[in-house]
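The next block holds one structure in the form of structure tokens; read it before the comments.
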Amino acid sequence: MNNKQFQSFLHKIGSLNYSQLKQLRHSTDTQISSNIVGQAISDREEAISVCPHCDSRKLNRWGMTKQGIQRFRCKSCSKTFNALSGTPLYRMRHPEKWAKYTELMWNGVSLRAAAKELDINLRTSFRWRHVFLKKPNSPECERLIGIIEADETFIPESFKGRKVTSRKPRKRGGGNTDKVPVLMALDRAGDISHKVLERDTQSELKAVLKPIIAPGSVLCTDGNLSYKGIAKDLGVDHKRLIAMDKKRVIDGIYHIQTLNNYMMRWKSWLVRFHGVGTGYLENYLSWFRFMEQHVPHQEKDWIKAAL
């Protein structure tokens, strides 16, 4: 319905009787509640109180965009913006397909399958995936508290998605022997931190763990000697689970089994993508973490996170 038709419809509302108005309201409420994207944008519109350009609180509503999104004008700097300004969804087209796309992401559908399902370009499918991953990838947990499990895992290095690589050619049948280290850490409250490392060294491990381990915590690791020095420098208690000693649990509560199970689930989930480019690996870590922390899965969670 174009704007002229809509205005004509509005003028006819005054001729409706009370029963018809109730039916119209019920139908409208149903449509609004089922529109996940529209509802999320509407909630954001109501929450806007500061200009993103100058932080002024002197705002005026300034009409609507063609998509029906509220625009604002700042009285201090005279700049205009809308509810999506400054978010990953700004200037993204086809909002009617966003909720379905996030549903496909919950199910781990491939880029090509998602593009075919929604009748969009493969390049658009790729861009949307990483747009929806920007917010889940940005907020890392500030602190891990209490009993903390930390360990590294290794993923084959991949230049998938790159046209030019600096890697030397491999011989056929030689396999991929280069591995990328990934440090993961979690606490018993469910907070998770991860980082793709350049090298698996004590200095890199310490640089990641030092800002996030709260004082008084207990660090549980495998027998890697690097963690012994890190725990000493951070002044936290350290429990080493050494495979040669066949110790999997100390004092009934100190172990790294929760983290190992998390790693196994992540790697099993990662198989469906038939290899992930190392440059995008952090996004896939954040993707899986976001889904693990939002159960049961709801499309509106992803839309709200993107906003």
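Read-outs throughout are calculated quantities, based only on the coordinates presented, and are distinct from any laboratory measurement. Because the structure is a prediction, the values reported are computed rather than measured. Positions of Cβ are backbone-derived with ideal geometry, glycine not excepted, and every protein chain shown enters the neighbour counts.
Here's the picture: a label point sits 7 Å out from the Cα of Arg57 along the beta-carbon direction, and within the stretch 74-91 the residues with their amide nitrogen under 17 Å of it are 74-77. Counting only DSSP H runs of at least 4 residues, each contributing -39500 (n - 2.57), and dividing by the residue count of the chain, the helix-based mean residue ellipticity at 222 nm comes to -12000 deg cm²/dmol. Here the convex hull built on the C-alpha positions of the chain has a volume of 219 cubic angstrom per residue.
Here the dipole of the stretch 18-82 is about 340 debye; that uses its Cα centre as origin and unit charges on the Cβ of Lys and Arg (positive) and Asp and Glu (negative). Using a simple spin-label model with pseudo-atoms 7 Å out from Cα toward Cβ, Ala243 and Lys12 lie 7.3 nm apart.
Ordering 71-80, 48-57 by mean Cβ neighbour count within 10 Å, with the highest value first, yields 71-80, 48-57.
Taking 0.36 nm per intervening residue step and subtracting the Cα-Cα distance, what contour gain separates His130 from Ile253 on full extension?
My answer for the length gained is 40.5 nm.
Here the stretch 195-288 is assigned +1 on the Cβ of each Lys and Arg and -1 on the Cβ of each Asp and Glu. Its dipole about the Cα centre then comes out at about 200 debye. When only Cα pairs below 8 angstrom with a gap of at least 6 residues are kept, the chain shows a relative contact order of 19 percent. Taking only the Cα atoms of the stretch 18-82, the ratio Rg/Rh comes out at 1.14, with Rh defined as the Kirkwood radius.
Relative to the dominant Cα principal axis of the chain, helix 122-132 is inclined by about 80°. Rank Tyr284, Leu186, Gln202 by how far each Cα sits towards the positive end of the charge dipole of the chain (+1 on Lys, Arg Cβ; -1 on Asp, Glu Cβ) and give me just the farthest. Farthest towards the positive pole: Tyr284. When the charge dipole of the chain is built from unit charges on Cβ atoms (+1 for Lys and Arg, -1 for Asp and Glu) and taken about the Cα centre, the candidate among Thr153, Trp128, Gln257 whose Cα reaches farthest toward its positive end is Trp128. With both labels modelled 7 Å from their Cα along Cα-to-Cβ, the Glu96 to Gln20 distance reads 2.7 nm.
Sites listed here are chymotrypsin sites (Phe, Trp or Tyr not before Pro) in the stretch 73-114 whose DSSP assignment is loop and whose Cβ has at most 14 other Cβ atoms within 10 Å: Tyr90. Taken over the stretch 1-122, the alpha-carbon convex hull comes to 160 cubic angstrom per residue. Straight-line reach from Lys304: which lysines have Cα under 17 Å away, leaving out those fewer than 8 places along the same chain? Of all the lysines, those that pass the test against Lys304 - Cα under 17 Å, at least 8 places apart if same chain - are Lys97, Lys100, Lys134, Lys135. Take every DSSP beta bridge whose two residues both sit in the chain; close to 75 percent of them are antiparallel.
Provide the gained length on full extension for the span Lys232 to Glu198, in nm with one decimal, where the gain is 0.36 nm per separating residue minus the Cα-Cα distance.
On the way: separation 34, 0.36 × 34 = 12.24 nm, distance 2.33 nm.
So the chain would gain 9.9 nm between Lys232 and Glu198.
About its Cα centre, the dipole of the chain is roughly 1460 debye, where the only charges are +1 on Lys and Arg Cβ and -1 on Asp and Glu Cβ.
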